[in-house]
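Step one of this worksheet: look at the structure below.
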Amino acid sequence: MQITSVITVTVGVVLATLSRPKATPTSSESTAQTSEDMQKYLIGVTMLATSLFLTAFLGMLQEKTYKKYGPCWKEGVFYT
């Protein structure tokens with residue numbers, strides 16, 4: 001189940017990354033706008049990838065914690 005989830009999210013990230021429309025700059029103003037758009041796009045992709053890895057890390061950490069201390073739903077609700 002976890003492998004399927006990881007593959008699904010990874011495919012989604014790749015598709016979102018590759019779906020960026022191509023822009024053709026025609027003047028210096030549109031070149032600056034294209035550069036700004038590219039920067040915003042890269043920030044968004046970086047945020048998406050960082051969120052993916054941190055969510056995976058949190059899942060592994062919760063699993064390890066539950067194995068060590070046992071599942072206590074009240075603490076899980078409090079800390080999440």
Inter-residue pairs, beta-carbon under 6 Å, first over 21 Å from Ala16 (Cβ atoms) and in contact (Cβ under 8 Å) with a residue 40 or more places away in the chain and in segment 52-71, second open to solvent by 100 Å² or more (accessible area, probe 1.4 Å) and in a helix (DSSP H, G or I), 6+ apart
none
Number of positions in segment 1-17 that are open to solvent by 80 Å² or more (accessible area, probe 1.4 Å), at pLDDT below 80 and not hydrophobic (A, V, I, L, M, F, W, C)
1
Only residues that are surrounded by 12 or more Cβ atoms within 10 Å (Cβ to Cβ) and at pLDDT below 75: list them for segment 18-50, please.
Arg20, Ala23, Pro25, Ser30, Thr31, Gln33
Give just the number: which of (1) at negative phi; (2) modelled with pLDDT of 75 or more does Trp73 not satisfy?
(2)
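The values are calculated or read from the model by the stated rules, or taken from the named source; none is laboratory data. Please read these numbers as outputs of a predicted model, since none were measured by experiment. No Cβ is skipped: glycine too gets one built from the backbone with ideal geometry, and neighbour counts run over all protein chains shown. Protein only, heavy atoms only, side chains kept; ligands, DNA and RNA dropped before computing areas. Shrake-Rupley method; radii C 1.70, N 1.55, O 1.52, S 1.80 Å.
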